[in-house]
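> Okay, here's the structure, questions in a sec.
The values are calculated or read from the model by the stated rules, or taken from the named source; none is laboratory data. Note that the structure is a prediction, hence the values are computed from the model and not measured. Please note: Cβ atoms are built from the backbone with ideal geometry, for glycine as well, and neighbour counts cover all protein chains shown. When the accessible area is computed, the model is the full protein with side chains, heavy atoms only, and any ligands, DNA or RNA have been set aside. Shrake-Rupley method; radii C 1.70, N 1.55, O 1.52, S 1.80 Å.
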Number of protein chains: 4
Amino acid sequence: MKNTFGNSISLTLFGESHGEAIGAVLGGLAPGIEVDIDFIRSQLDKRRPAGKISTARREADEFSIVSGVFEGKTTGTPLTIIIPNTAQHSKDYSATRSLARPGHADYTAYAKYHGYEDYRGGGHFSGRVTAALVAVGSILISALKKKGIVIGSHILSCAGVSDAAFGDFAKDIKQLNDMDFAVLDSEKGEAMRAAIEAAAADGDSVGGVLETAVLGLPAGVGEPWFDTVEGVLSHALFSVPAIKGVQFGDAFDMVNSKGSEYNDSYYISDKEIKTTTNHNGGVNGGITNGMPVVFRCAVKPTPSIFKAQNTVDFMKGEEAVLELKGRHDPAIIHRARIVVDSVSALAVADLLAMRYGTDWLGE
Amino acid sequence: MKNTFGNSISLTLFGESHGEAIGAVLGGLAPGIEVDIDFIRSQLDKRRPAGKISTARREADEFSIVSGVFEGKTTGTPLTIIIPNTAQHSKDYSATRSLARPGHADYTAYAKYHGYEDYRGGGHFSGRVTAALVAVGSILISALKKKGIVIGSHILSCAGVSDAAFGDFAKDIKQLNDMDFAVLDSEKGEAMRAAIEAAAADGDSVGGVLETAVLGLPAGVGEPWFDTVEGVLSHALFSVPAIKGVQFGDAFDMVNSKGSEYNDSYYISDKEIKTTTNHNGGVNGGITNGMPVVFRCAVKPTPSIFKAQNTVDFMKGEEAVLELKGRHDPAIIHRARIVVDSVSALAVADLLAMRYGTDWLGE
Amino acid sequence: MKNTFGNSISLTLFGESHGEAIGAVLGGLAPGIEVDIDFIRSQLDKRRPAGKISTARREADEFSIVSGVFEGKTTGTPLTIIIPNTAQHSKDYSATRSLARPGHADYTAYAKYHGYEDYRGGGHFSGRVTAALVAVGSILISALKKKGIVIGSHILSCAGVSDAAFGDFAKDIKQLNDMDFAVLDSEKGEAMRAAIEAAAADGDSVGGVLETAVLGLPAGVGEPWFDTVEGVLSHALFSVPAIKGVQFGDAFDMVNSKGSEYNDSYYISDKEIKTTTNHNGGVNGGITNGMPVVFRCAVKPTPSIFKAQNTVDFMKGEEAVLELKGRHDPAIIHRARIVVDSVSALAVADLLAMRYGTDWLGE
Amino acid sequence: MKNTFGNSISLTLFGESHGEAIGAVLGGLAPGIEVDIDFIRSQLDKRRPAGKISTARREADEFSIVSGVFEGKTTGTPLTIIIPNTAQHSKDYSATRSLARPGHADYTAYAKYHGYEDYRGGGHFSGRVTAALVAVGSILISALKKKGIVIGSHILSCAGVSDAAFGDFAKDIKQLNDMDFAVLDSEKGEAMRAAIEAAAADGDSVGGVLETAVLGLPAGVGEPWFDTVEGVLSHALFSVPAIKGVQFGDAFDMVNSKGSEYNDSYYISDKEIKTTTNHNGGVNGGITNGMPVVFRCAVKPTPSIFKAQNTVDFMKGEEAVLELKGRHDPAIIHRARIVVDSVSALAVADLLAMRYGTDWLGE
């Protein structure tokens, strides 16, 4: 029952969708890191639902930093951010309390918590908890940036539409990080939005693949066993709701290739060791090789749909038909992007802290 | 620098390919678990290279249990298995010490360990270390089996050849666990072997996808955040050399589906709650739902090939051409299978110990 | 920089004396545990300063449970308690910001946090943070009680006055847990209070020894190495401000004895194995033996005194004389008692969860 | 069931007194640390029994480094040391298998391991396991020394005889670290030895207090909550067999003092901030203040004595009388000293690695 992630820099998340508040505590953060309130807000805004392709539940995400920041900078003691819940409609949920929404955690939560779980709006399983993660992740993203480490993601594919590939990583990421719907090819982005709207109109939902790059990591970060870069990142990434697959480099996309094709040849450019291709996603033997760390996350279609679905009433032990009403996202991939960036920042910061110490990030 | 995995049941691996020995320490194991030496040996044999499709380096893998077992059963104190190294050819490696083999960890090890790493035969990065993991994993696999939890894998695809899908899980796994080259369709297995041999004849290598199922897990295991079933398993799985992608259920294979297709409908069968499909791989919200936990691992083509490759001498800072000689595997997917089963047993046992306590496994 | 304690049940504390709030997150708690608000309040009241022997700073300690409790019971997801800060006098502290109060953490905080620490009122080092610990500890104390495990402490000595020894543990603890100033002999308690008042009148402070007993632990809890009962408890106990020594059983008090005196002889009473004496404090080889687990904590005299003290201005690098003003405790031992009980409940609950699983506490 | 200690640098111990071997794995060690085989041997010799005041069981402690060292230096991958058991007399123990030796872990091991424990010679609870700890601790002690951090202990009191106090720490420690029986006043040492011999002649045993100092730690190491310097050190120290109490600075020895006496005044000497006294043992608020970190461990009298003792047969549930025969130590405090230094080196190295990173120790 560990709800805390990280060896040196560690994050604890708490809160339920319809409880008093959600929040996060970040420990092990170096002192002296500037806390950019506007950047936190802009990141939270990117996670928030907006427009036709998102749920109609909209909250201001007014956050409050209750500890760990003094005179605009981190103190080095645990940093806590609280986001009060304000737009709950608790009555919406009580009637369907024991009808398991397919693809959701209603039944598994019941099996685990024996019926004591706060079931309203998904409780602790609500995507809303990710707002707290994004808030503290923003601080890590800013701090890493000052160290030359930047993180960015784009929607590699959504509803069958594929985005362009990364070209100039640094330039692409700069651009993506200013976008609400992060794609490299805006026409493909429009096609994705149209597909999402079409699914929404049909009471259905779509998924896709996110591709993330972490630039600026030196060679030599990560461990050969267990705390590999892939292991630590995937451990964190699989917490993001709807992520069901994680791959580094080309993995599943090149399983039919030969070793002579998959191996990334080394060369030297400006006295730096680089590889001509990056099929390994910047990691060999669990350790960074100095190339961009690139990974892809499979985001399953949002489970909340408006079509009638067969299910069970797990308290009565009876089969039932479920027809959802209310506010739901036909796609979350564009919002999940910011959550992926945030949780990646946490994993990367923790890997770096292991090697360089916790003070390093603030120096 | 954590080389230990697991909160309650924890594994520490050690050893280098050409050092004195490799080994493993397993802590937190319940007392009273029978240790089946023959089963350990048979699992080690499945991991060992054999026949035309594997490296010619063959060691007896004579293991020694030096602690934690008394009168044939676990004591509950740390269990240590040592496997001496006997067939090293140390002279093979010194000449090419600083030529980075593409796809291997030579350069990343150098970057991390500043040149102090034991570079002979891949050192600590050698696949040989997995023998120790398999040895202790065998004990966990046996103990879980007595609790009704069975684990099995097949080669879902290799070198472009696809195996049949799982049918009757329990029956399939029973059969797979007796095989050296684990496929459900033996004709497809022959085609895979032929493709591996062809690649070998060409001095090249192949990869593929492993599919693993864990049966018998009750609903309600895993955590909503961070120690999700997916997060814990993937953390462990990415340590297995050559694994570059992990997905639960269909993930990457169904990203273009709709929510109405991806959601697994619930029904009741013999008073048990089940799902008609298992696109979610038996996990919702990070927690088991009682269906088989099914996941796929992308195994990249073995990086050791006999074709000339462009690389660098990372100590001289010069570009170079590398032509490998010696003993290498044209494919490791059939051997990786046992390693995946072993490390999965560790992750699953640890998840169960969190909920039921460490004593539970031996009761 | 770990501010989280516990393997299975884990506590994270946050907050600064003069920040917005202090609080605690408790993860790994079983679902279905009743949360007794009145008991939390009564425990907080015992920790709060009161009367002539405590600081004049008095806050209502109005707490808010923001997550993890639903319909009066724990949900099994992280439980968060927030206590807003309301009675800060921030102006009191700015002038003496860089004058190291002897015995306090001002200088060490500066050395660690490079001057970014929130120095007001001791910041994160303030004893006030223990209120959050007491609040969540109350829930653990209640849950353990239902399992037959009770915890209680008395002031074994204070300012040179010694209390009576434990007699009938169960009866004594029941009585102590209702007291504000926990002593077994009320006359000795009066003498202690008088000594504290005398020290206060002199602008000075006193310390003492707390003795704590944990009843009802079965034999067989704890680990032989590292996570010994003593190691886990002491790790937690040394976090309590002013505790500088921890001993189990008689330890320092019987170092001059012989083995024949120190060994606790076993006997059988009502089919249960017991020991005639308990010099080992209920622990052998790091593991409980079924007798009460008894330990003593040395509480140093409160460092805040009103006498002039030689010190340094650590920012100017100059020697200085410090004369404290304001609100301070002449003794904290009577308040520390509740903190010790709370943190002991955490350590004990975590040790039990390791063996019996996290669900056990709520069953 | 954690048998591993340390967040960044972590130690796992294994082995039973009469099993094949005992050993230790040290993970997270920086690469490039010189491994001084002679120093390891000399430390092991100090731990080994010798002369009239120790058990007659004497083993060569021939150790073997099986991983993690290459060409005389650490590789950065897990370092494993194995010490085979050679002088077991297994027949000595079977007859008294279920007679609980008072003060020993026989009964608690049985309660924990349900009878599956290897009971021969104390099994995993044997003091012999500390040899592995001393072996790996030696490497840490050497590495810390190169960083200006030295550790040393003396027998502050034994059998009622008190040693002199530390004077010039650096000089004293240098001298102590060359001694077999570590005292500052050799006459007092002779009196202690005589008292031990007298107790041995009487079939009895004695205990005492060890005092340890760690020099050279910079101010600012440790955490305010949980991973305080005191908490981390005590967690490790309580694993050392027979240690039942740990205090930092004067603690129990000055509980009757006033705050004005206990507080350590600051002053400046050669631009460094120092304290005139060190009652706090070099730690304030859980964090080092730059003064020597000084702590005392209460070592209970060795439980193995030759006098008849009342006990129980825990398998039969009957009372019994026990008369030990064989080889036992009348005192272990002089041997425990090296174990305390070793485990302190581990705790200190881990605290430093948290702040400065794991690479730091090897730079």
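> Filter segment D:1-10 down to residues that are within 24 Å of D:GLY222 (Cα to Cα) and either open to solvent by less than 10 Å² (accessible area, probe 1.4 Å) or of a type in the set (S, T, N, Q) (or both), then give me how many there are.
Looking only at segment D:1-10, we keep the residues that are within 24 Å of D:GLY222 (Cα to Cα), and these are D:2-10.
From the residues that got through so far, the ones that are either open to solvent by less than 10 Å² (accessible area, probe 1.4 Å) or of a type in the set (S, T, N, Q) (or both) too are D:3-4, D:7-10.
The qualifying residues number 6.
> Still on this model: Which of the residues spanning segment D:353-363 are assigned to a helix (DSSP H, G or I), in contact with a Leu (Cβ under 9 Å, 6 or more places away or on another chain) and buried (at least 23 other Cβ atoms within 10 Å of the Cβ)?
Within segment D:353-363, the subset assigned to a helix (DSSP H, G or I) is D:353-356, D:359-362.
Remaining after also requiring in contact with a Leu (Cβ under 9 Å, 6 or more places away or on another chain): D:353, D:360-362.
Correct list: D:ALA353, D:LEU361.
> Turning to a different aspect of this structure: Of B:GLY231, B:GLY245, B:GLY222, which residue is assigned to a strand (DSSP E or B), modelled with pLDDT of 95 or more, buried (at least 21 other Cβ atoms within 10 Å of the Cβ) and among the small types (Gly, Ala, Ser)?
Numbers: B:GLY231 fails: assigned to a strand (DSSP E or B); B:GLY222 fails: assigned to a strand (DSSP E or B).
Unique residue meeting the criteria: B:GLY245.
> Still on this structure: From the residues in segment B:294-323 that are polar (S, T, N, Q) and part of a strand (DSSP E or B), which one is most open to solvent (accessible area, probe 1.4 Å)? Reasoning before the result, please.
Of segment B:294-323, the ones polar (S, T, N, Q) are B:302, B:304, B:309-311.
Now restrict to residues that are part of a strand (DSSP E or B): B:309-311.
Working: B:GLN309: 18, B:ASN310: 92, B:THR311: 1 Å².
The extreme case among them is B:ASN310.
> Could you count how many residues in segment D:163-178 are under 20 Å from the mean Cα position of the chain (by Cα), open to solvent by 30 Å² or more (accessible area, probe 1.4 Å) and under 20 Å from D:ALA194 (Cβ atoms)?
Of the residues in that region, 0 qualify.
> Restricting to segment C:201-215, what's the tally of residues that are farther than 14 Å from C:ASP172 by Cα and assigned to a strand (DSSP E or B)?
From segment C:201-215, those farther than 14 Å from C:ASP172 by Cα are C:201-210; that's our starting set.
Retained after the next criterion (residues that are assigned to a strand (DSSP E or B)): C:206, C:208-210.
Selection size over segment C:201-215: 4.
> Here is a further query. Would you pick out the residues in segment A:107-142 that are within 30 Å of A:VAL35 (Cβ to Cβ), modelled with pLDDT of 95 or more and among the polar types (S, T, N, Q)?
A:THR130, A:SER138, A:SER142
> What number of residues in segment C:11-30 are assigned to a strand (DSSP E or B) and surrounded by fewer than 24 Cβ atoms within 10 Å (Cβ to Cβ)? Even if it seems obvious, please write down each step before you answer.
The first filter runs over segment C:11-30 and keeps only residues assigned to a strand (DSSP E or B), leaving C:11-15, C:21-27.
So of that shortlist, the ones also surrounded by fewer than 24 Cβ atoms within 10 Å (Cβ to Cβ) come out as C:21.
Counting residues in segment C:11-30 that are assigned to a strand (DSSP E or B) and surrounded by fewer than 24 Cβ atoms within 10 Å (Cβ to Cβ) gives 1.
> Let me ask something else. Restricting to segment B:113-155, what's the tally of residues that are surrounded by fewer than 22 Cβ atoms within 10 Å (Cβ to Cβ) and either of a type in the set (Asp, Glu) or in contact with a strand residue (DSSP E or B) (Cβ under 6 Å, 6 or more places away or on another chain) (or both)?
Counting residues in segment B:113-155 that are surrounded by fewer than 22 Cβ atoms within 10 Å (Cβ to Cβ) and either of a type in the set (Asp, Glu) or in contact with a strand residue (DSSP E or B) (Cβ under 6 Å, 6 or more places away or on another chain) (or both) gives 1.
> Then there's this: With (1) under 17 Å from D:ASP106 (Cβ atoms); (2) within 12 Å of chain C (Cβ to nearest Cβ) as the list, and D:GLY326 as the residue in question, which single condition is left unmet?
Failing condition for D:GLY326: (2).
> Just the residues that are within 14 Å of another protein chain (Cβ to nearest Cβ) and among the hydrophobic types (A, V, I, L, M, F, W, C), please, taken from segment C:147-186.
Of everything in segment C:147-186, those that are within 14 Å of another protein chain (Cβ to nearest Cβ) and among the hydrophobic types (A, V, I, L, M, F, W, C) turn out to be C:ILE155, C:LEU156, C:CYS158, C:ALA159, C:VAL161.
> Additional query: Just checking, does segment D:324-333 include any residue being assigned to a strand (DSSP E or B), of a type in the set (A, V, I, L, M), open to solvent by 10 Å² or more (accessible area, probe 1.4 Å) and over 27 Å from C:CYS158 (Cβ atoms)?
Our first condition is that a residue be assigned to a strand (DSSP E or B); within segment D:324-333, this holds for none.
No, that holds for no residue.
> Further, regarding this structure: Consider only pairs whose beta carbons are under 6 Å apart and that are at least six residues apart or on different chains; among these, list those whose first residue lies in segment A:65-85 and is more than 16 Å from C:PHE125 (Cβ to Cβ) and whose second residue is at pLDDT below 95 and open to solvent by less than 20 Å² (accessible area, probe 1.4 Å).
As it stands, the answer is A:ILE83/A:ASP61, since those pairs meet every condition given.
> Now, a different point. Restricting the search to segment D:259-293, which residues are open to solvent by 10 Å² or more (accessible area, probe 1.4 Å) and more than 8 Å from chain C (Cβ to nearest Cβ)?
Across segment D:259-293, the qualifying residues are D:SER269, D:ASP270, D:GLU272, D:LYS274, D:THR277, D:ASN278, D:MET291, D:PRO292.
> Assess whether C:VAL343 counts as being within 11 Å of chain D (Cβ to nearest Cβ) and in a helix (DSSP H, G or I).
yes
> Just checking, does segment C:183-203 include any residue being within 16 Å of C:ARG335 (Cα to Cα), open to solvent by 50 Å² or more (accessible area, probe 1.4 Å), touching a helix residue (DSSP H, G or I) at 6+ places or on another chain (Cβ under 8 Å) and of a type outside the set (Phe, Trp, Tyr)?
Scanning segment C:183-203 turns up no residue that is within 16 Å of C:ARG335 (Cα to Cα), open to solvent by 50 Å² or more (accessible area, probe 1.4 Å), touching a helix residue (DSSP H, G or I) at 6+ places or on another chain (Cβ under 8 Å) and of a type outside the set (Phe, Trp, Tyr).
> Any residue that is farther than 22 Å from D:ILE155 by Cα and in a strand (DSSP E or B) - is there at least one of those in segment D:256-264? Spell out the reasoning first.
Taking segment D:256-264 and keeping what is farther than 22 Å from D:ILE155 by Cα, we get D:256-264.
Next cut, in a strand (DSSP E or B) only: D:258.
Checking segment D:256-264: at least one residue is farther than 22 Å from D:ILE155 by Cα and in a strand (DSSP E or B).
> Given the criteria farther than 22 Å from C:ALA165 by Cα, free of Cβ contacts under 8 Å to residues at least 24 places away in the same chain and touching an Asp or Glu at 6+ places or on another chain (Cβ under 8 Å), does C:ILE268 qualify? If you could, list the steps in order and put the result at the bottom.
On the way: farther than 22 Å from C:ALA165 by Cα: yes; free of Cβ contacts under 8 Å to residues at least 24 places away in the same chain: yes; touching an Asp or Glu at 6+ places or on another chain (Cβ under 8 Å): yes.
When the stated conditions are applied, C:ILE268 passes them.
> Residues in segment D:199-224 that are within 24 Å of D:ILE273 (Cβ to Cβ) and at the interface with chain C (Cβ under 7 Å from one of its Cβ atoms): how many?
4
> All but one of (1) open to solvent by 10 Å² or more (accessible area, probe 1.4 Å); (2) more than 7 Å from chain C (Cβ to nearest Cβ); (3) within 21 Å of the chain's Cα centre (by Cα) hold for D:PHE252, so report the exception by its number.
(2)
Listed here are the residues, each with its yes/no results for (1) farther than 29 Å from B:ILE305 by Cα; (2) hydrophobic (A, V, I, L, M, F, W, C); (3) in contact with a strand residue (DSSP E or B) (Cβ under 7 Å, 6 or more places away or on another chain).
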site: A:ASP168; (1), (2), (3): yes, no, no
site: A:ASP180; (1), (2), (3): yes, no, no
site: A:SER186; (1), (2), (3): yes, no, no
site: A:ALA195; (1), (2), (3): yes, yes, yes
site: A:ALA200; (1), (2), (3): yes, yes, no
site: A:ALA236; (1), (2), (3): yes, yes, yes
site: A:TYR266; (1), (2), (3): no, no, yes
site: A:SER269; (1), (2), (3): no, no, no
site: A:THR277; (1), (2), (3): no, no, no
